[in-house]
Amino acid sequence: MRNIIHHTTRIINFKLKLILFVALPLVVFTLITTRTDLIPGIKSFVVLSGSMQPTLPVGSVVYVQQAQQYEKGDVVSFSNDAGQTVTHRIVKKTEDGFVTKGDANDTEDQAVVSQSSIIGKSVFSVPYAGQIINFVRTPTGFVAFIIVPTVIFILSEFWAIKKEIEKQVEKRLLEKLQKTQ
């Protein structure tokens, strides 16, 4: 029974470390690139509509990077006249700017997008990761995905240190007992 508990604990500990060291950096990177300019030239956005499906499903995170020039076929994120961020494909380049269209849309966007309105060109995306990002932005999500795993990880490391100290103390006691015999 003790071996089963020990084995289960090790599996849980491994999964938590995997989450902390693989998923957590992606979430933190996304949160940083969404809200700040700490990483110059790179921004991330959660896709909120189906206008770019199947290329960018709803709930995906798209990472964009500034470019010197943009061409027909590039997927770009830009600020529209209403101040919203839109991610669509450039379908035409004109003297006034760029004509864009969502892959799932039947018609082109009405407004021409100027070079200065473009935030960046899509570098890569992570399907459905935006659902996690949106949840982590809530107080409950922050506690569930950031605080709780971090506390569990720290406690498991303290537990491992405690066990190692116990082993060392036991080893020294055995050595002392053997010397006295």
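No value in this document is a laboratory result; all are computed from the given coordinates. The structure presented is a predicted model; accordingly, all values stated were derived computationally and were not measured. When we count neighbours, we look across all protein chains shown, and the Cβ atoms used for this are built from the backbone with ideal geometry, even at glycine.
Worth pointing out:
- Euclidean distance between Cα centres, the stretch 16-53 to the stretch 158-173, Å: 40
- For the chain, calculated [θ]222 nm from helices alone, where every DSSP H run of n ≥ 4 adds -39500 (n - 2.57): -13500 deg cm²/dmol
- In this calculation the C-beta distance from residue 106 to residue 35 is compared with R0 = 30 Å, giving a FRET efficiency of 0.35.
- Mean-square fluctuations from a GNM of the chain, with a 10 angstrom spring cutoff on Cα atoms, peak among 118, 133, 154 at 154.
- A crude spin-label estimate for the pair residue 123 and residue 147, with each label 7 Å from Cα along the Cβ direction, gives 3.2 nm.
- Charge dipole (Cα centre; +1 on Lys/Arg Cβ, -1 on Asp/Glu Cβ; no other charges) of the stretch 72-181 amounts to roughly 900 debye.
- Residues whose placed amide H lies under 5 Å from that of residue 109, excluding near-sequence neighbours: 100, 101, 102
- Inverse of mean 1/r across different Cα pairs in the chain, Kirkwood, Å: 19.9
- For residue 101, the lysines whose Cα comes closer than 25 Å to its Cα, not counting residues fewer than 8 places off in the same chain, are 43, 72, 92, 93, 121.
- For the stretch 2-137, the Cβ-based charge dipole about the Cα centre amounts to some 1020 debye (Lys, Arg positive; Asp, Glu negative; other atoms uncharged).
- Positive minus negative residues near residue 66 (Lys, Arg vs Asp, Glu; Cβ under 15 Å): -1
- Considering only alpha-carbon pairs that sit under 8 angstrom and 6 or more positions apart, the relative contact order computed for the chain is 20 percent.
- Compactness of the stretch 15-102 as Cα Rg over 2.2 N^0.38 Å, two decimals: 1.25
- Where only C-alpha atoms are counted, convex hull volume of the stretch 138-181 per residue in Å³: 31
- Projecting the Cα atoms of 139, 152, 174 onto the charge dipole of the stretch 138-181 (Cβ charges, centred on the Cα centre) puts 174 farthest toward the positive pole.
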